[in-house]
Amino acid sequence: MAVGAAGAVAIILSVAILYAYDADGPTEAAVNDLAPAFESGSTSSDYSSVTVTNGQKHTVPLDKIISGGPPPDGIPSIDDPKFAHAEEAEFMSGSDVVIGLEIEGEAKAYPLSILVWHEIVNDVVGGIPVAVTYCPLCYTSQVFERALGDRVVEFGTSGKLYNSNLVMYDRTTGTYWSQALGAAIKGELAGQRLGTVPFDVIRWDDWREVHPDTVVLTTETGHVRAYNVDPYGGYYTDYSIIFPVDDAGAASGAMHPKEVILGFESGGTYKAYRQGDAEDSGAINDVVGDLPVLIVSTFEGNARAFERPVWDGQLLEFEYDGATLTDVQTGSVWDYDGMAVAGLLEGRSIERLAFSPGFWFEWVAFHPDTEVYEP
């Protein structure tokens with residue numbers, strides 16, 4: 001750990017807070033709806049066991065939920081977000097990284113330059129209440145559904161960290177939620193999990209190319225922040241980790257601690273893919289547990305994932321030649337939304353999957369038994 005770098009970042013943050021298969025191939029007669037290869041419904045046994053200590057329900061050791069410095073809501077969530085249409089967003093640069101979200105035809109972008117100061121946006125997209133979250137310490141983004149049963153909750157920052165990762169709290173019950181786990185780790189709802197929504201971490205120009213009708217979150221947040229300054233400086237590329245993380249064992253040396261990975265979980269199996277490998281391959285066909293996955297990257301720094309379906313008894317495999325995504329079995333052409341736009345399967349679609357992008361050190365701290373994809 002580079003103590004000097006960590007100390008510098010901590011000082012900057014303190015100041016910021018202060019101001020703050022058919023052998024003969026397919027036939028036309030075989031065309032039918034694509035079938036999922038795996039019945040979805042992920043489970044996780046690592047953090048599902050609830051313990052009660054002095055009347056407190058929790059799923060992780062209480063002494064590992066530590067203060068990150070600010071008090072509850074010291075890093076204020078954005079609860080009344082204001083948006084501008086893409087053509088009006090003069091404050092945006094084409095290279096700015098955003099979390100891109102599209103639900104039921106409504107597209108919105110959330111710049112990391114704003115989220116780094118707020119970490120949570122409580123919003124509604126396509127009629128779905130969501131929490132758009134970002135933890136700069138781990139470079140982890142996640143979009144959660146805010147509906148818990150028949151009630152919709154609002155999330156704030158607790159000021160706490162678990163494995164150097166954002167701990168949120170819901171303002172209905174005060175329960176603590178781990179962003180990395182998408183699960184309640186302390187309080188009344190301990191053990192419950194949030195639904196996740198697929199999203200993009202992508203450059204603004206690339207997001208606009210995919211969604212020209214998008215709107216983007218503006219700096220009209222109700223707070224005064226230096227949105228043109230990133231308070232974390234060089235933290236994203238050096239070796240320093242400011243706050244404690246669980247010993248990840250031998251697996252922790254598999255790559256640079258701040259290598260950007262794409263984390264997947266299915267049926268208790270965990271697997272990490274380097275963002276760089278996704279970009280180099282264009283299309284990765286793999287299996288996580290029993291779930292056949294396709295990872296596609298057509299933009300630098302971005303990737304999408306889909307469940308590879310079975311068609312005519314065959315598990316589809318995909319290829320990307322730098323311009324066109326096709327499946328090997330039928331030669332159908334697919335777009336970046338998982339829709340077949342030409343060929344035998346035209347009009348069919350495949351299910352998009354949510355995953356966990358972020359730094360390697362964070363993923364392996366939570367999932368020390370993770371597999372790592374090697375091309």
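Here are some notes:
- The lone exception for ALA190 - which of (1) over 25 Å from PRO61 (Cβ atoms); (2) assigned by TED's automatic domain parsing to the domain that holds GLU102 it fails: (1)
- Residue check, GLY249 surrounded by fewer than 22 Cβ atoms within 10 Å (Cβ to Cβ), modelled with pLDDT of 95 or more and either more than 22 Å from TRP363 (Cα to Cα) or small (Gly, Ala, Ser) (or both): no
- Selection count where residues are closer than 20 Å to TRP334 by Cβ and either polar (S, T, N, Q) or in a strand (DSSP E or B) (or both), scope region 265-287: 7
- Number of the condition not met by PRO257 [criteria: (1) surrounded by fewer than 19 Cβ atoms within 10 Å (Cβ to Cβ); (2) of a type outside the set (S, T, N, Q); (3) not in a strand (DSSP E or B)]: (1)
- Any hit, region 309-318, residues being out of contact with any Leu (no Cβ under 7 Å at 6 or more places or on another chain), in a loop (DSSP other than H, G, I, E, B), surrounded by fewer than 18 Cβ atoms within 10 Å (Cβ to Cβ) and among the charged types (D, E, K, R): yes
- Here the condition is being farther than 23 Å from VAL98 by Cα and charged (D, E, K, R); of ARG208, ARG151, ARG146, ARG203, it holds for ARG151 alone.
- Looking at ARG225, ARG203, just one residue is surrounded by fewer than 21 Cβ atoms within 10 Å (Cβ to Cβ), outside the structural domain of LEU137 (by TED's automatic domain parsing) and modelled with pLDDT of 95 or more, and that residue is ARG225.
- Taking strands (runs of 3 or more DSSP E) as the structural unit, those lying wholly within region 82-197 and holding at least 1 residues that are surrounded by 21 or more Cβ atoms within 10 Å (Cβ to Cβ) and of a type in the set (Ser, Thr, Tyr) correspond to 106-111, 128-135, 140-145, 155-162, 165-170, 176-178.
- Of all residues in region 340-375 being in a strand (DSSP E or B) and touching a Gly at 6+ places or on another chain (Cβ under 8 Å), the one that is surrounded by the most Cβ atoms within 10 Å (Cβ to Cβ): GLY358
- Number of the condition not met by PRO292 [criteria: (1) surrounded by 20 or more Cβ atoms within 10 Å (Cβ to Cβ); (2) touching a Gly at 6+ places or on another chain (Cβ under 9 Å)]: (2)
- Candidates are the residues of region 320-349 that are within 24 Å of the chain's Cα centre (by Cα) and not small (Gly, Ala, Ser); the one that is nearest to ARG274 (Cα to Cα) is TYR320.
- Neighbours by Cβ (under 6 Å, 6+ apart or cross-chain): first from region 56-75, aliphatic (A, V, I, L, M); second buried (at least 18 other Cβ atoms within 10 Å of the Cβ): VAL60/ILE185; ILE65/LYS160; ILE65/TYR162; ILE66/LEU161; ILE75/GLU119; ILE75/THR157
The values are calculated or read from the model by the stated rules, or taken from the named source; none is laboratory data. Computed from a prediction, not measured in an experiment: that's the story for all the values here. Cβ sites come from the backbone with ideal geometry, for glycine too, and all protein chains shown count toward neighbours.
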